[in-house]
Amino acid sequence: MSRITSSAENHHDDLNINDLGLTADLAMWRQTRMARRRILKLGTLGAAAFLVKLASGDDQRLAATGAACISNIPSETAGPYPADGSNASNQNLNVLTKSGIVRQDIRSSLSTGNTAAGVPATIHLDLVSTLGNCGPLAGLAVYLWHCDRGGNYSMYSSGVTSEDYLRGVQVSNAAGRITFQTIFPGCYSGRWPHAHFEVYASLAKATAASNVLHTSQLAIPEDICRTVYSAATGYSSSTTNLSRITLATDNVFRDGANLQLATATGDVNNGITLTLTVGVAVAGSDATATLAPSITAPPAATATSTPAALSLIHISAPTRR
């Protein structure tokens with residue numbers, strides 16, 4: 001691989017963008033098509049910036065260079081079981097106002113103390129600003145929920161209406177990361193295995209769906225689903241349901257899931273880790289930010305956010321049902 005110094009811009013003539021080495025080729029392949037185009041448009045300067053970020057171990061975000069950035073994660077329906085104060089399934093349930101809902105470990109029910117059984121799982125969401133060169137978004141709140149290993153949703157499904165497990169809120173740290181300790185979701189009939197999440201401007205705003213900045217869903221890779229469902233207790237119906245659906249036929253992910261498909265590591269015995277980088281049209285703000293009207297193009301990105309001072313601008317995207 002070509003030598004890169006800290007002043008990559010001044011030494012970009014040393015680079016051959018057609019021969020950056022196998023490691024760089026693989027890292028480039030992992031970028032979205034749009035990201036690759038942006039890097040190649042910048043020629044040797046873009047290649048230099050890309051390699052500097054690759055050397056720092058941050059080839060997915062390329063945050064500081066501006067050479068590449070992921071697109072906004074698609075907006076999706078919250079589904080029929082959100083418990084976020086909205087009218088869903090002919091009810092207005094709201095778990096967000098419950099004491100203790102701000103928690104990293106969402107396996108136990110706040111109401112009963114019962115714990116959802118299943119293969120342990122960790123979900124990491126890395127929030128980045130698509131208006132700020134994919135810099136990390138600190139201080140945002142995320143409400144995440146998903147079904148249990150039998151495909152049931154707490155508070156709604158028969159037999160678990162008194163439970164509120166597998167629901168929780170966390171605030172992104174300085175690196176934009178949010179982490180939940182949970183179980184691996186099952187696959188119920190008609191849907192690809194997934195988790196729902198809503199992004200809020202701040203923890204103070206994460207009390208009702210009316211304050212949501214962005215709603216989306218995380219898709220779980222097929223290979224890890226098959227591994228878990230075939231090897232772990234309690235997932236037998238998931239094996240059957242998964243065999244009857246694909247990402248291409250799922251009513252949410254069928255128009256493309258590349259921005260929503262998590263990476264998976266781990267195993268059934270030690271637990272599964274799911275990680276997803278979430279691009280959101282947010283740039284700089286304060287904690288009292290409100291939604292801006294929909295516009296066709298985002299304003300120029302000028303700064304990344306900080307935990308102390310965020311100023312939010314929201315660009316709405318079409319919601320897929």
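Bear in mind these aren't lab numbers, they're just calculated from the coordinates by the rules spelled out. All of these numbers come straight from a predicted model, not from anything done at the bench. Counting neighbours? That spans all protein chains shown, and the Cβs are built from the backbone with ideal geometry, glycine included.
Report the local net charge at V160: Lys and Arg +1, Asp and Glu -1, summed over other residues whose C-beta lies under 15 Å from its C-beta.
That sum, taken over residues with Cβ under 15 Å, equals 0.
Under the classification rounded if a/c is under 1.5, otherwise prolate if a/b is larger than b/c and oblate if not, where does the range 93-239 fall, given a ≥ b ≥ c as square roots of the Cα gyration tensor eigenvalues? Mind dumping the intermediate values first?
Working: a/c = 2.04, a/b = 1.36, b/c = 1.51.
Here the range 93-239 falls in the oblate category.
Would the range 220-277 count as rounded, prolate or oblate if I go by the C-alpha gyration tensor, calling it rounded below 1.5 in a/c and otherwise prolate when a/b exceeds b/c, oblate otherwise?
Oblate shape, in that a/c is at least 1.5 and b/c is the bigger or equal ratio.
Below 11 angstrom from the Cβ of V169, what's the summed charge of the other residues (Lys, Arg +1; Asp, Glu -1)?
Its environment carries a net charge of +2.
Which value in nm describes the separation of the simple spin-label points at E222 and S210, placed 7 Å from the Cα toward the beta carbon?
4.3
Sort 123-134, 217-228 for me by packing, meaning the mean count of neighbouring Cβ atoms within 10 Å per residue, highest on top.
Taking the mean over residues of other Cβ atoms within 10 Å, the ranking is 123-134, 217-228.
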